[in-house]
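Every read-out reported here was derived from the displayed coordinates using simple, explicitly stated rules and does not represent laboratory data. Because the structure is predicted, anything quoted here is derived from the model rather than measured. When we count neighbours, we look across all protein chains shown, and the Cβ atoms used for this are built from the backbone with ideal geometry, even at glycine.
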Amino acid sequence: MDIINPSLSVQRLPGELWELTVRYTITFSPQELNPPFDFAFLDAVRIWEWDSHDHDTLTGWLRIENFCPTTTSINRTKIVRVTDDLLDTELGGEEVRAQIHLRNTTISGLPVERFTPRWRLLPG
């Protein structure tokens, strides 16, 4: 299993809300799809504020979903809404990115985690 092509887009909503859309593709080997294993997986995202010298997690793991893939490649989209207050961690514009977490819930093993590229928020 792997996470490829992670991306983040950000949209300012009315009021004090931001909508962050995380998109990525998960790939699986044929062995991860077929009997006798029929593995189950879990994915989730969390949002970070990213600086050149210090990084802050802004959320815990969100949009946690369990699923059983039926093809070797699936596209995933997770939408997270956050407030101005949550994003206000320093003066000026913020840079945010999403961390994607994927793990096989059927067997023990290390998760796969990837980050999206950074997205610069403009103040105001």
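Restricting to DSSP loop positions (anything but H, G, I, E, B) with no more than 16 other Cβ atoms inside 10 Å of their own Cβ, which GluC sites (Glu not before Pro) remain in the range 34-124?
Answer in residue order: Glu90.
Quick one: give the max-minus-min coordinate of the C-alpha atoms of the chain along each principal axis, largest first, in Å.
Taking the Cα atoms of the chain, the three principal extents are 54, 31, 21 Å.
What does the helix-only formula give at 222 nm for the chain: each DSSP H stretch with n ≥ 4 adding -39500 (n - 2.57), the total divided by the residues, and the result rounded to the nearest 500 deg cm²/dmol?
-1000 deg cm²/dmol
Going by Cα centres, the range 49-120 and the range 16-30 are how many Å apart?
Between the Cα centre of the range 49-120 and that of the range 16-30, the gap is 8 Å.
Place a label point 7 angstrom from the Cα of Thr77 along the Cα-to-Cβ direction, then list the residues of the range 1-16 whose backbone nitrogen is under 14 Å away.
Taking a point 7 Å out along Cα→Cβ of Thr77, the residues of the range 1-16 whose backbone N falls under 14 Å are 7-11.
Pick from Ser52, Ser73, Ser108: which is most flexible by mean-square fluctuation in a GNM of the chain where alpha carbon atoms under 10 Å apart are linked?
Ser52
Can you list the GluC sites (Glu not before Pro) in the range 1-46 that are in a DSSP coil and have 14 or fewer other beta carbons within 10 angstrom?
Details: sites: Glu16, Glu19, Glu32; in loops: Glu16.
Hits after loop and neighbour filter: Glu16.
If each of Asp85 and His53 carries a label point 7 Å out from its Cα toward its Cβ, how far apart are those two points in nm?
Taking the simple label geometry, Asp85 and His53 are separated by 2.8 nm.
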